[in-house]
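> I'd like to ask you about the structure that follows.
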Amino acid sequence: MVYDFYFTRLMYESGDWDVDIRMPSNVLNSLVEYTTLRVDPAERVIALSDPKMLQAPFCYLAGHKLVQFTPAERKNFERYVKGGGFVFVDDCNHDIDGLFAKSFEAELAKMFGPKALVKIPNTHRLYSSFFKFDGPPNTTVELNGWGDDLVHEYLRAIEVNGRIGVLYSNKDYGCEWDYDFRNKRWLAVDNTRFAVNIIQYALGA
């Protein structure tokens with residue numbers, strides 16, 4: 001079967017890439033529920049150093065620990081983004097001064113320059129690509145004092161040719177969406193709806 005979308009998690013040699021293991025299936029379920037996309041139901045895990053990742057329509061990278069890319073990982077990440085790819089990166093620490101944030105941002109600076117990562121306005125197309133949002137939705141970890149104990153009212157990104165190539169969050173969406181999708185029926189509002197926006201934007205919406 002030909003799929004319109006498959007979820008690719010990037011595996012990297014440093015740190016802990018295999019976090020929030022229920023999140024992908026939850027997000028994929030939302031795509032099936034809300035969109036007409038033909039979705040591969042299985043998460044794909046691909047090494048960042050593997051050239052196969054260059055073919056992915058969307059990539060996810062997350063963790064808590066030190067991020068220190070190998071030369072092959074750095075080469076593929078930069079080539080993918082500059083070639084029109086989309087990477088959603090989530091800081092599982094929810095901490096702008098934490099180890100993941102500092103080390104990953106240093107890697108971005110090596111590849112794209114120290115000023116490439118910028119806040120995106122809450123009027124950005126990302127927030128209306130499917131559902132309508134006034135900005136990035138809050139997460140429960142922001143509201144319960146975890147991490148840096150801040151509510152981040154923005155996301156940051158690196159844009160290439162006027163479109164986001166790297167979407168970067170310190171809000172820990174991965175943890176927020178890390179539950180069995182069958183439990184969504186207990187939520188007043190499905191909190192994975194923003195994931196649908198992110199993926200629709202990545203696909204060109």
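The values are calculated or read from the model by the stated rules, or taken from the named source; none is laboratory data. Since the model is a prediction, treat every value here as computed from it, not as a measurement. Methodologically, a virtual Cβ is constructed for each residue, glycine included, from the backbone with ideal geometry; neighbour enumeration extends over all protein chains shown. Accessible surface is based on the protein model in full, side chains and every heavy atom, while ligands, DNA and RNA are left aside. Shrake-Rupley method; radii C 1.70, N 1.55, O 1.52, S 1.80 Å.
> How big is the C-alpha Rg of region 22-90 next to the rule-of-thumb value 2.2 N^0.38 Å, as a ratio?
Dividing the Cα radius of gyration by 2.2 N^0.38 Å gives 1.22.
> Go ahead and run the numbers for FRET between Ala72 and Val32, Cβ-Cβ distance against an R0 of 35 Å, rounding to 0.05. Don't jump to the answer; show the numbers that get you there.
Values: r = 34 Å, r/R0 = 0.98.
That pair, Ala72 with Val32, gives E of 0.55.
> Counting only DSSP beta bridges with both residues in the chain, tell me the antiparallel percent, nearest 5.
30 percent
> Work out the FRET efficiency for Ala205 and Ile96 from their Cβ-Cβ distance, taking R0 = 30 Å, and round it to the nearest 0.05. The partial results should precede the final answer.
Numbers: r = 29 Å, r/R0 = 0.96.
Here the calculated transfer efficiency is 0.55.
> Can you send over the carbon and sulfur percentage of the accessible area for region 62-197, probe radius 1.4 Å, protein chains only? Could the numbers behind the result be given before it?
Values: 3430 of 6470 Å².
Of the solvent-accessible surface of region 62-197, carbon and sulfur hold 53 percent.
> Calculate the radius of gyration of the Cα atoms of the chain to one decimal place, then report Dmax, the largest Cα-Cα distance, as a whole number, both in Å.
15.8, 45
> Let me ask something else about it. Determine the alpha carbon to alpha carbon distance for each of Lys102/Lys132; Lys52/Lys132; Lys82/Lys102; Lys102/Lys184; Lys75/Lys119; Lys82/Lys171 and list only those over 28 Å.
Lys102/Lys132; Lys52/Lys132; Lys102/Lys184
> Related question: Take His64, His94 and sort them by solvent-accessible surface of the protein heavy atoms, 1.4 Å probe, largest at the top.
My answer, sorted largest first, is His64, His94.
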